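Q: Before I ask anything, here is the structure I am working with.
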2 protein chains.
Amino acid sequence: MGIKFDLLKESQDSKARLGLIHTPHGDIETPIFMPVGTRATVKAMTPEEVKGLGAQIILSNTYHLYLKPGHELVKDAGGLHKFMNWDGPILTDSGGFQVFSLGDLRKIKEEGVEFRSHIDGSKHFLSPEKSIEIQNALGSDIMMAFDECAPYPSSYEYVKQSMERTTRWAKRCKDYHKDWDRQGLFGIVQGGMYKDLREISAKALVEMDFPGYAIGGLSVGEPKEMMCDILDFTTPILPKNKPRYLMGVGTPDYLFEAVIRGIDMADCVLPTRIARNGTVMTSKGKLVIRNGKYAKDFNPLDDECDCYACKNYSRAYIRHLFNVDEILGARLATTHNLRFLIKLMENIRQAIKEDRLMEYRSEFYEKFGYTE
Amino acid sequence: MGIKFDLLKESQDSKARLGLIHTPHGDIETPIFMPVGTRATVKAMTPEEVKGLGAQIILSNTYHLYLKPGHELVKDAGGLHKFMNWDGPILTDSGGFQVFSLGDLRKIKEEGVEFRSHIDGSKHFLSPEKSIEIQNALGSDIMMAFDECAPYPSSYEYVKQSMERTTRWAKRCKDYHKDWDRQGLFGIVQGGMYKDLREISAKALVEMDFPGYAIGGLSVGEPKEMMCDILDFTTPILPKNKPRYLMGVGTPDYLFEAVIRGIDMADCVLPTRIARNGTVMTSKGKLVIRNGKYAKDFNPLDDECDCYACKNYSRAYIRHLFNVDEILGARLATTHNLRFLIKLMENIRQAIKEDRLMEYRSEFYEKFGYTE
């Protein structure tokens, strides 16, 4: 069956779309935010809890799982779903982003990337074929092609060469992958902040006919307007009948801006990472729970939230947990932040259904304290 | 209503008893193991999870809550039950054990103990009256009298003076406490390893007529036989119609040895502490999950256990979580260790009911690898 996409509705007031992605482990309503479980666990959470928050798909990480515990072990365990006790859809990234982030520890060649482990310095080699081999062993529903995400800023010449190599690597990934019924594979559009390169990349990948397309190399430090501009330009080049995934985006404003430009999927470690540091997102903006002003605040984190943390605990209690380094603090803040973004996407889907997404966006921004 | 105890059955083959403690927040079946939530949270767990494991009462800590977040704050939150979202019985210790453990940071006087906070060095004073005032503010169902737990080994003269002061302090605690319907108060028998001092302590406290009695100053480094000997001697001095609580005991063998000597309640941080380091108790003995031999072991931690961790995850997965420092590892190991001890106590109660506790103890010891 592989990966299929039903486009259910196109928005009247923006390029936003409602859709349904069919995967071997169930359907995903889009637009969707995907929680990240880098090392085969969404940090601090059980899979049942993640599902209970309304998550329909989670991400996991090829680079990290290749190093620990090793993809062969995960395969022996019956695949990633069974290993980590998550029976819904899983998307794995290609490991490209992580090995390129290693800086001095990696060397790029046409064949692939030589790198040293950030854990023990041991030597490894990741190529398009190897990335697919690992992702085949993990058994994710949606695999990503092995790409280079060029840093921002980068010269035109660098981004051009990098994008062209990424295109050749996408072809090698596609050729290497065999069982398309069991696992889908998305191509990743690169090209940095250069529209002509984005166009070349997108068209070449569309030509290869992947079941979905990611837009990589955005939200890497460029101004928000630049990201919006590149999205405005790029999504129309991608086919309407395939899902579009913006990588690494997880703040409410970036999610809104992506969705109204035709993005269907997004992921980010941000909500879980800031949660573990005690920062939560609420309907009235961000809140740093260690702040002394919450010491005797017996209100919930967000009085409009329906999550377990907000229904059962006060800011004062959660602040206490963070002040004495209790694990439950990280759990409650993670629960809240994930629910906050998942609920936001539920609201966004409902607003698209009712053709009032731009109105909902304005209301949300005003309350949250964003300036448009 | 306060604290009442029904003695339901006395064992045929040992001094073990079955009982029921009535508290303002519900009944407790004895013998019972009580999980510890030092800082108003059982580490890594939600209250619902702790209850789901079969826990009927939890402990919390006067010293720690006095320092952070402060007992007045907990009182303003509506008491400890509401603050931490646990609606079952709570027992609080007196803070005595913690301030005496501060060593050079504390000075003992007849009036009470002057000490410096282990967190910021600030000066504080804890006395019998202050301890009860704090525990009144916390609102626990069972409070403990402010005592000194003499270290092992200590001279006869030291233990004698310390025990006599503890007796005077118990009286002051009892006199200071007012609302016996809302909160009970247990006296703590001291006297170190000296039987005549244990007898004097126990008799003086029984004279004061507390609704329950703890035996303190055991499991503090003395040989197990010595603890058993003191228990053998002490429990018969305590009234049959009051619950008996052995403080700081949480390994299966110590629990068995305590129960067969007439102990009804026990607590210890051990099962949760070793869990966070990756050590779990199983029906076949202890298991250190980081050990390389579990790398490809797809069996549960304990194939006889009914806990969430054992029903859903392999040793290989849990080992992976510990190897990459994931919070879920601590959660799963804690879940298992608590369930292991709670289930053990369920089995012990059933064995008492069926008059085959000594038989069950032998079976358990053989399988676990203890020598009697």
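Q: Quick check on segment B:322-357: of everything there that is without any contact (Cβ under 8 Å) to a residue 12 or more places away in the chain and farther than 20 Å from B:Val42 by Cα, which residue is farthest from the other protein chains (Cβ to nearest Cβ)? Walk me through it before giving the result.
A: Of the residues in segment B:322-357, the ones without any contact (Cβ under 8 Å) to a residue 12 or more places away in the chain are B:324-326, B:328, B:350-351, B:354.
From what is left, the residues that are farther than 20 Å from B:Val42 by Cα are B:324, B:350-351, B:354.
Values: B:Val324: 5, B:Gln350: 30, B:Ala351: 33, B:Glu354: 36 Å.
Checked segment B:322-357; the qualifying residue farthest from the other protein chains (Cβ to nearest Cβ) is B:Glu354.
Q: Name the one entry in A:Gly221, A:Gly191 that is surrounded by fewer than 16 Cβ atoms within 10 Å (Cβ to Cβ) and small (Gly, Ala, Ser).
A: A:Gly221
Q: If you don't mind, there's one more thing I want to ask. Answer yes or no: is there a residue in segment A:299-321 that is charged (D, E, K, R) and in contact with a His (Cβ under 8 Å, 6 or more places away or on another chain).
A: Checked segment A:299-321: at least one residue is charged (D, E, K, R) and in contact with a His (Cβ under 8 Å, 6 or more places away or on another chain).
Q: Okay, next question. If you check A:Tyr245 against the conditions, is it open to solvent by 30 Å² or more (accessible area, probe 1.4 Å), over 16 Å from A:Pro153 (Cα atoms) and within 17 Å of the chain's Cα centre (by Cα)?
A: For A:Tyr245, the condition - open to solvent by 30 Å² or more (accessible area, probe 1.4 Å), over 16 Å from A:Pro153 (Cα atoms) and within 17 Å of the chain's Cα centre (by Cα) - is not met.
Q: Taking segment A:277-306 as the search range and keeping residues that are under 21 Å from the mean Cα position of the chain (by Cα) and of a type in the set (A, V, I, L, M), which one is farthest from the other protein chains (Cβ to nearest Cβ)?
A: Among those that are under 21 Å from the mean Cα position of the chain (by Cα) and of a type in the set (A, V, I, L, M), it is A:Met281.
Q: Here's a follow-up. Return a yes/no flag: does segment B:148-161 have any residue that is among the β-branched types (Val, Ile, Thr), over 20 Å from B:Met227 (Cα atoms) and open to solvent by less than 70 Å² (accessible area, probe 1.4 Å).
A: Within segment B:148-161, the first condition is being among the β-branched types (Val, Ile, Thr), and the residues that meet it are B:159.
Applying the additional criterion that residues be over 20 Å from B:Met227 (Cα atoms) yields none.
Within segment B:148-161, none of the residues are among the β-branched types (Val, Ile, Thr), over 20 Å from B:Met227 (Cα atoms) and open to solvent by less than 70 Å² (accessible area, probe 1.4 Å).
Table: residues versus (1) out of contact with any Leu (no Cβ under 7 Å at 6 or more places or on another chain); (2) buried (at least 22 other Cβ atoms within 10 Å of the Cβ).
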site: B:Gly292; (1), (2): yes, no
site: B:Lys296; (1), (2): no, no
site: B:Cys305; (1), (2): yes, no
site: B:Ile318; (1), (2): no, yes
site: B:Asn323; (1), (2): yes, no
site: B:Ala333; (1), (2): yes, yes
site: B:Arg339; (1), (2): no, yes
site: B:Tyr370; (1), (2): yes, no
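Q: Would you mind telling me which numbered condition in (1) open to solvent by 10 Å² or more (accessible area, probe 1.4 Å); (2) part of a helix (DSSP H, G or I); (3) within 15 Å of B:Arg198 (Cβ to Cβ); (4) not small (Gly, Ala, Ser) B:Thr234 fails?
A: (1)
Q: Of all residues in segment A:307-346, which are of a type in the set (Asp, Glu) and within 25 Å of the chain's Cα centre (by Cα)?
A: A:Glu346
Q: Somewhere in segment B:265-277, is a residue over 22 Å from B:Pro89 (Cα atoms) and hydroxyl-bearing (Ser, Thr, Tyr)?
A: no
Q: State whether one or more residues within segment B:35-46 are in contact with a Pro (Cβ under 8 Å, 6 or more places away or on another chain) and of a type in the set (Ser, Thr, Tyr).
A: no
Q: Oh, and also: So, B:Lys130, is that one over 25 Å from B:Glu199 (Cα atoms) and either in contact with a strand residue (DSSP E or B) (Cβ under 6 Å, 6 or more places away or on another chain) or aromatic (Phe, Trp, Tyr) (or both) or not?
A: So B:Lys130 fails the test.
Q: Test B:Arg182 against the criterion of being part of a loop (DSSP other than H, G, I, E, B) and either more than 20 Å from the chain's Cα centre (by Cα) or among the aliphatic types (A, V, I, L, M) (or both), and give yes or no. Can you show your working first?
A: Details: part of a loop (DSSP other than H, G, I, E, B): yes; either more than 20 Å from the chain's Cα centre (by Cα) or among the aliphatic types (A, V, I, L, M) (or both): yes.
So B:Arg182 fits the description; yes.
Q: Take the conditions outside any loop (DSSP other than H, G, I, E, B), surrounded by fewer than 16 Cβ atoms within 10 Å (Cβ to Cβ) and free of Cβ contacts under 8 Å to residues at least 60 places away in the same chain and apply them to B:Glu164. Does it pass?
A: It is false that B:Glu164 is outside any loop (DSSP other than H, G, I, E, B), surrounded by fewer than 16 Cβ atoms within 10 Å (Cβ to Cβ) and free of Cβ contacts under 8 Å to residues at least 60 places away in the same chain.
Q: Among A:Glu29, A:Glu10, A:Glu48, which is the only one that is more than 24 Å from A:Tyr176 (Cβ to Cβ), touching a helix residue (DSSP H, G or I) at 6+ places or on another chain (Cβ under 7 Å) and acidic (Asp, Glu)? Can you show your working first?
A: Details: A:Glu10 fails: touching a helix residue (DSSP H, G or I) at 6+ places or on another chain (Cβ under 7 Å); A:Glu48 fails: touching a helix residue (DSSP H, G or I) at 6+ places or on another chain (Cβ under 7 Å).
On inspection, the qualifying residue turns out to be A:Glu29.
Q: Mind counting the residues in segment B:83-103 that are more than 18 Å from B:His64 (Cα to Cα) and open to solvent by 80 Å² or more (accessible area, probe 1.4 Å)?
A: Of the residues in segment B:83-103, 1 are more than 18 Å from B:His64 (Cα to Cα) and open to solvent by 80 Å² or more (accessible area, probe 1.4 Å).
Q: What do you reckon, is A:Asp209 open to solvent by 30 Å² or more (accessible area, probe 1.4 Å) and over 19 Å from A:Cys149 (Cα atoms)? Quick ask: steps written out before the conclusion?
A: On the way: open to solvent by 30 Å² or more (accessible area, probe 1.4 Å): yes; over 19 Å from A:Cys149 (Cα atoms): yes.
In short, yes.
Q: Same structure, new question: If I filter segment B:263-276 for residues that are away from chain A (no Cβ under 14 Å), over 21 Å from the mean Cα position of the chain (by Cα) and crowded, with 17+ Cβ neighbours inside 10 Å, do I get at least one hit?
A: No, segment B:263-276 contains no residue that is away from chain A (no Cβ under 14 Å), over 21 Å from the mean Cα position of the chain (by Cα) and crowded, with 17+ Cβ neighbours inside 10 Å.
Q: Examine segment B:341-353 for a residue that is open to solvent by 20 Å² or more (accessible area, probe 1.4 Å) and under 14 Å from B:Thr282 (Cβ atoms), and state whether such a residue exists.
A: Start the filter on segment B:341-353 by keeping residues that are open to solvent by 20 Å² or more (accessible area, probe 1.4 Å), which leaves B:343, B:346-347, B:349-350, B:353.
From what is left, the residues that are under 14 Å from B:Thr282 (Cβ atoms) are B:343.
Checking segment B:341-353: at least one residue is open to solvent by 20 Å² or more (accessible area, probe 1.4 Å) and under 14 Å from B:Thr282 (Cβ atoms).
The values are calculated or read from the model by the stated rules, or taken from the named source; none is laboratory data. Please read all numbers here as calculations on a predicted model, not as lab measurements. Here the Cβ is made from the backbone with ideal geometry for all residues, glycine too, and neighbour counts use every protein chain on show. Accessible surface is based on the protein model in full, side chains and every heavy atom, while ligands, DNA and RNA are left aside. Shrake-Rupley method; radii C 1.70, N 1.55, O 1.52, S 1.80 Å.
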